[in-house]
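Data block below; observations after.
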Amino acid sequence: MVEKGLLIVLSGPSGVGKGTVRKEIFSQKNTSFEYSISMTTRSPRAGEVDGVDYFFKSREEFEDLIEQGKLLEYAEFVGNYYGTPVDYVRETTLKGKDVFLEIEVEGAKQVREKFPDGLFIFLSPPSLSELKNRIVTRGTESEEIINNRMNVAREEIEMMHLYDYVVENDTVENACEKIKAIIVAEHCRRERVEPKYKKMLEAN
């Protein structure tokens, strides 16, 4: 009997470092998660590659996928769509592999409704001032957009109650270790392993 894989959702305010933490976890040799690449209508940032960091789509292409029900979740954030292809997630978890999603808070809320047995981890900043500093340091947004992101971030932090765990991103290394420990613990949760042993007892 193949144990169904976990759907691991890493989310948090824009600028908190979701992408950096996810990349660090996936760069480690003992990582065996499948990364579900998100789709977006925003333009690629310097160094980002289509099909690696995101699937970059036009607004029209994205809206066609919404119509076809091909997205597990999607959200419009600061004028751009972000979303997760649904078929890949379902097929991969049924094969017993863990799927790792790095998505915005609004998207995570939708996934929670469709995949209530997923593992939801909220990545939080050490402080709001540190979060603003990280966004400013990017050097890619105007002051108006930065202020907009900070207002959204406050609202997103208030949605922390929708998650199973909260990990503070004080350093990338600490955040990665905590996230990996949470995933190990989830695989040992009684509700997940009990069916295997019930089948074992029935067979004898």
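Where only protein heavy atoms count, and the probe is 1.4 Å, what is the accessible area per residue for the chain in Å²? Display every interim value, and only then the final one.
Numbers: 11170 Å² over 204 residues.
Result: 55 Å² of accessible area for each residue.
Nearest 20 debye, what's the magnitude of the dipole of segment 62-204 about its Cα centre given +1 on Lys and Arg Cβ and -1 on Asp and Glu Cβ?
Numbers: 20 positive and 29 negative charges, 162 e Å.
For segment 62-204, the charge dipole is close to 780 debye.
Between Phe26, Phe100, Phe122, the residue with the greatest mean-square fluctuation in the GNM of the chain (Cα pairs under 10 Å linked by springs) is Phe26. Counting Lys and Arg as +1 and Asp and Glu as -1 over every other residue whose Cβ lies under 10 Å from the Cβ of Asn169, the net charge comes to 0. Just want the answer: with Cβ charges of +1 for Lys and Arg and -1 for Asp and Glu, which residue in Pro85, Val49, Gly19 is farthest toward the dipole's positive end in segment 1-119? Positive-end residue among those listed: Gly19.
Relative to the dominant Cα principal axis of the chain, helix 128-138 is inclined by about 70°. Note on Ser27: accessible area approximately 80 square angstrom, rounded to 10, probe 1.4 Å, nucleic acids and ligands left out.
Backbone amide hydrogens, once placed in the peptide plane, bring Leu72 within less than 5 Å of Thr84, Val86, excluding anything fewer than 5 places away on its chain. Ranking Ile66, Ile183 by solvent-accessible area of protein heavy atoms (1.4 Å probe, all protein chains present), from largest to smallest, gives Ile66, Ile183.
How long are the semi-axes of the equivalent ellipsoid of segment 80-186, taking √(5λ) for every eigenvalue λ of the Cα gyration tensor, in whole Å from largest down?
Details: eigenvalues 143, 61, 33 Å².
Working from the Cα gyration tensor, I get semi-axes of 27, 18, 13 Å.
When the charge dipole of the chain is built from unit charges on Cβ atoms (+1 for Lys and Arg, -1 for Asp and Glu) and taken about the Cα centre, the candidate among Val166, Met39, Pro195 whose Cα reaches farthest toward its positive end is Pro195.
Give the carbon-plus-sulfur fraction of the accessible surface of segment 88-204 in %, rounded to a whole number; probe 1.4 Å, heavy atoms of protein chains only.
Values: 3610 of 6990 Å².
Carbon and sulfur: 52 percent of the exposed surface of segment 88-204.
Applying a threshold of 32 Å to the alpha-carbon distances of Lys18/Lys198; Lys23/Lys198; Lys57/Lys196; Lys57/Lys109; Lys4/Lys132 flags Lys18/Lys198; Lys23/Lys198; Lys57/Lys196; Lys4/Lys132 as lying beyond it. Stretching the chain fully between Arg189 and Arg138 yields a gain of 14.4 nm (0.36 nm per residue, less the alpha carbon separation).
Of Tyr88, Tyr81, the residue with the largest accessible area leads and the full order is Tyr88, Tyr81 (1.4 Å probe). Per residue of the chain, the DSSP helices (runs of n ≥ 4 H) give a summed -39500 (n - 2.57) that works out to -14000 deg cm²/dmol at 222 nm. Computed from Cα atoms, the angle from the helix 143-157 axis to the main principal axis of the chain rounds to 30 degrees.
Taking only the alpha carbons of segment 150-204, we obtain Rg and Dmax values of 17.6, 59 Å in that order. Across the protein chains, with a 1.4 Å probe defining accessible surface, the residues Arg189, Arg134 rank Arg189, Arg134 from largest area downward.
The values are calculated or read from the model by the stated rules, or taken from the named source; none is laboratory data. Fair warning: this is a prediction, and the values are worked out from it, not measured in the lab. When we count neighbours, we look across all protein chains shown, and the Cβ atoms used for this are built from the backbone with ideal geometry, even at glycine. Accessible surface is based on the protein model in full, side chains and every heavy atom, while ligands, DNA and RNA are left aside. Shrake-Rupley method; radii C 1.70, N 1.55, O 1.52, S 1.80 Å.
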